[in-house]
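A short write-up of the structure that comes next.
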Amino acid sequence: MAAQRAGFSAWPEQWRWDDDRVESYRARGMSGVVVEEITVGGVRESGVLLPMRQPPKWQGVVFLLMGLVFLSVAVLLLVEAFLIDEWLVLGGVAVFVAIAGVALFAAYRGLIVHRLVVPGLVITPTRVVRRGGSGDLMVVAWADIAGVRPYVRETGPAKWHNMFGVDVRDPDVFWQAAGRRRGGRVARALAGAEVVMVSDAVMLMNPLVAYHLIRHYFENPDLRPHVCRSVRRDPS
């Protein structure tokens, strides 16, 4: 196995080798990789989309059911308040309505909004953008990136994922500029400088290619203006 892995020169030494994973990576190939336009901070650029899988629909269904249950409890409490003329329960009604609202909003994002946006990493000449399924963006300028780091994350007994992370030079400055000061404290506690983490499980395309593309443009800044060449443009 070690000799087989050694012959696969593109495979990071930090990643684990698994025959099924390798075949899965190869089968994904360049699926869904296109050039598209992205606007960040009022600046519109062309970028290469490295697509990720949509979150499973069942998550949205679970949030929908939770929202309906909590909303039903709130209605029952409100009816009870009218029947027994006891308005102290209105505090409980407000709590259940708030929880229901959060759950229904999560269901809306999971079942509707997530289906309208392709999540993934977008590489542009000036930045790396991680886009969530609801269109939320994590933007990292090339100038702020300190490295692209491959590693393995254990997710349970005999379960693991090959990962890569984008590290920044100064997490505190990055999170403050992004308007997420609390994120800086969390980053220091968990991973220090890592602000974007990507699992092989979420990539729609070959995660090995995604890792090497980002690392290639990080290490070769003079090539970044040409990042969109040789990739077909999104027909839409």
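Judged by the mean number of other Cβ atoms found within 10 Å, the most tightly packed of the peptides 159-168, 66-75 leads the ranking 159-168, 66-75. Here the accessible area is traced with a 1.4 Å probe on the protein chains. For the range 126-167, carbon and sulfur cover 55 percent of it.
Remark: the Ala201-Phe82 segment gains 37.7 nm on full extension, using 0.36 nm per residue and subtracting the alpha carbon distance.
The values are calculated or read from the model by the stated rules, or taken from the named source; none is laboratory data. The model shown is predicted, which means the values in this text are computed figures rather than measured ones. All Cβ positions, even for glycine, are placed from backbone atoms using ideal geometry, and neighbour counts span all protein chains on display. Heavy atoms of the whole protein, side chains included, go into the accessibility calculation; ligands, DNA and RNA do not. Shrake-Rupley method; radii C 1.70, N 1.55, O 1.52, S 1.80 Å.
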